[in-house]
Amino acid sequence: MFFKFILILLLFFGFLLVDFNKKEGGAGEGRWVEPWQDESFPASGKVRNPEKTPSPGEMVVQGLIGFFQTYISPVDGDRCPSYPTCSHYAFQAVRKHGALVGMVMGFGRLIHESDEIQRAPMIWINNSYRYYDPVENNDFWWYKK
Amino acid sequence: MPELRPKDKKLIKKLIKLFGVQLFVLLIFFYSPSAGLSAEGEKVSVDAKLQMDLADHFYQEGDYYRAVTEYKRFLFFFPRHARTEEAQWKIARSYFHGKKWDEAISASDNLIKKFPSTAYQAEALLLTGLCFKEKKEYSQARFFFGKAKEQAADAPTADEAQWQIAATYLKEEKWKEASSEYRKINKSSKLYLKSERFAQGLDRIHEIPQKSPATAGILAAILPGSGHLYCERYRDASIAFLLNGAFIWGIVEAFERENYVIGGILTFFELGWYSGNIYSAVASAHKYNKKKKEEYLDHLGKGGLFSVGVFFQGKSPVLALTYVF
């Protein structure tokens with residue numbers, strides 16, 4: 001029974017041991033940054049507040065999202081028409097509001113995506129047009145700062 | 001001291017001659033007037049006017065970063081020039097247009113401190129207020145707009161400051177205060193008609209169709225999807241209903257067949273869909289309200305409502321009727 005439990009734990013959370021950020025950084029991978037470049041659209045995969053240490057709950061949820069982004073999304077294909085993508089939106093929401101609220105917002109994004117693309121403005125980013133629906137557009141009514 | 005042989009003396013003389021010729025050639029090369037010329041033979045000397053023109057050129061091109069550099073270069077090279085005040089003011093404006101609010105505030109403050117009787121004082125205060133408005137620090141913004149209004153030598157700047165005071169209340173959705181501030185705009189101002197339109201429109205802002213976020217949330221909690229339906233988001237409503245329905249069905253089936261692991265996993269995801277559905281419904285109501293307000297205010301700004309007003313052109317009164325269909 002104990003081994004079964006360990007096996008299930010490894011199956012579900014083993015990917016947390018993988019370093020998803022390993023491929024980032026390295027020589028020649030830096031972005032060209034203009035002196036006054038508009039920073040309102042952070043590059044995909046980056047977060048605005050990298051100094052903040054995530055809580056264990058956040059790490060688990062971000063690990064799940066990282067697993068999806070690294071292993072499932074490349075096979076599944078680029079299907080999210082929004083910017084940030086749904087997984088990145090959930091990642092940012094978890095970073096900003098914690099694991100629980102972030103997850104709820106992530107599920108909410110998946111539900112409201114189809115009507116949002118009729119209303120959201122389009123932006124040209126990563127060589128394609130996307131519907132701009134950031135976290136700020138969905139928490140403005142309760143999160144002021 | 002031993003005497004040199006004639007052969008050695010000749011060699012030394014030759015060397016001195018050769019060295020002298022080389023020195024002469026080098027001197028001619030370095031000190032020739034053509035050495036200071038560019039490849040085209042054009043001599044460029046930068047004076048205060050040229051430096052300011054270069055900075056203005058960058059400013060007009062919208063390259064505010066370089067404009068600031070050139071205005072600062074002007075201040076460094078010509079610190080006692082008559083146009084230093086202008087350069088300092090243009091630095092503040094460049095920062096403002098470059099959306100560097102804190103730097104613009106600091107540059108405006110510098111201008112006022114260095115030149116207490118500057119002609120740009122009211123404008124600098126107005127610019128500081130605008131920066132605070134952009135930073136969403138509305139009470140600070142109002143403080144500076146008020147000061148700008150007091151200091152303004154001309155009516156248009158004072159009217160602009162008054163307009164901005166009203167605009168900060170508008171941003172804060174304090175409709176009554178905004179309406180009353182719009183009404184303070186001088187009747188002879190060019191902004192008068194527009195401000196009257198805003199004042200009248202804001203008195204009727206409660207007539208805008210709104211959705212209750214609480215109703216949307218309760219509906220979504222009772223029947224997933226109905227909250228979105230209430231907010232006129234029909235696709236979202238069907239997705240929320242189908243997703244929740246499918247997962248609840250799956251959970252019931254899994255537990256009925258005593259498949260507790262699958263049931264547990266489905267319950268975990270269903271909790272996400274259910275709470276996400278409620279959150280999204282409430283957020284949709286807020287978004288609906290926000291959009292309607294923005295549309296209404298946009299309409300007011302463009303003059304989309306009927307308005308009657310009297311304003312003065314010089315000393316003669318002009319009656320204006322506006323209606324945009």
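Any read-out appearing in this document is the output of simple, stated calculations on the displayed coordinates, not a laboratory observation. Keep in mind that this is a model prediction, so the values were computed, not measured. With ideal geometry, Cβ positions are generated from the backbone for all residues, glycine too; neighbour counts draw on all protein chains shown.
For A:Val60 paired with A:Ile117, estimate the spin-label separation in nm (one decimal), with each label point 7 Å from Cα along the Cα-to-Cβ line.
3.3 nm
Taking 7 Å along the Cα-to-C-beta vector as the label spot, tell me the B:Lys13-B:Phe143 distance in nanometres, rounded to one decimal.
Placing both labels 7 Å beyond Cα along the Cβ direction yields 8.9 nm.
For A:Lys144, go through the aspartates and glutamates and keep the ones whose alpha-carbon is under 16 Å away, minus same-chain ones fewer than eight residues off.
A:Glu136, B:Glu134, B:Glu137, B:Glu172, B:Glu173
Between B:Ala82 and A:Ile125, what's the calculated FRET efficiency when r is the beta-carbon distance and R0 is 51 Å? Round to 0.05.
0.60
If you take the C-alpha gyration tensor of segment A:56-145, multiply each eigenvalue by 5 and take the square root, what semi-axes do you get, largest first, in whole Å?
20, 19, 10
Per residue of B:224-232, how many C-beta atoms from partner chains lie within 10 Å of its own C-beta, taken as a mean?
Average neighbour count from other chains, rounded to a whole number: 1.
For segment B:111-178, report the convex hull volume of the alpha-carbon atoms normalised per residue, in Å³, without decimals.
Hull volume over Cα atoms, normalised by residue count, gives 71 Å³.
For segment B:213-295, what are the per-bin percents of Cα-Cα distances with bins 10 Å wide, up to the bin holding the maximum?
Going from the shortest bin to the longest, the percentages are 21, 41, 24, 11, 3, 0.
Given a Förster distance of 35 angstrom, what is the FRET efficiency for B:Phe255 paired with A:Lys144, based on the Cβ-Cβ distance and rounded to 0.05?
The value I calculate is 0.25.
Once both labels are modelled 7 Å past Cα along the beta-carbon direction, what's the A:Glu136-B:Lys171 spacing in nm?
According to this spin-label approximation, the distance is 1.3 nm.
From zero outward in steps of 5 Å, how is the percent of C-alpha pairs of segment B:48-207 spread across the bins?
Per 5 Å bin, starting at zero, the Cα-Cα P(r) for segment B:48-207 comes out as 2, 10, 16, 17, 17, 13, 10, 7, 4, 2, 1, 0, 0 percent.
Identify the residues of segment B:131-147 with backbone N under 17 Å of a label point that sits 7 angstrom from the Cα of B:Ser106 along the Cα-to-Cβ direction, or state none.
It comes to B:131-132, B:135, nothing else.
If the chain between B:Ala214 and B:Lys292 were fully stretched, how many nm would it gain, using 0.36 nm times the residue separation less the Cα-Cα distance?
Full extension from B:Ala214 to B:Lys292 adds 26.3 nm.
What is the dipole size for segment B:48-207, taken about its Cα centre, with +1 at each Lys and Arg Cβ and -1 at each Asp and Glu Cβ, in debye to the nearest 20?
My answer is approximately 160 debye.
Quick one: which of B:205-215, B:224-234 comes out on top by average Cβ neighbours within 10 Å, and what's the full order, highest first?
B:224-234, B:205-215
Take the cross-link list B:Lys149/B:Lys171; A:Lys96/B:Lys290; B:Lys194/B:Lys290; B:Lys90/B:Lys302 and give me the ones stretching past 25 Å between alpha-carbons.
Check vs 25 Å cut-off fails for B:Lys90/B:Lys302.
Once you sort the root eigenvalues of the Cα gyration tensor of segment B:57-135 as a ≥ b ≥ c, which label holds: rounded (a/c under 1.5), prolate (a/b larger than b/c) or oblate (the other case)?
Judged from the Cα gyration tensor, segment B:57-135 comes out oblate (a/c at least 1.5, b/c at or above a/b).
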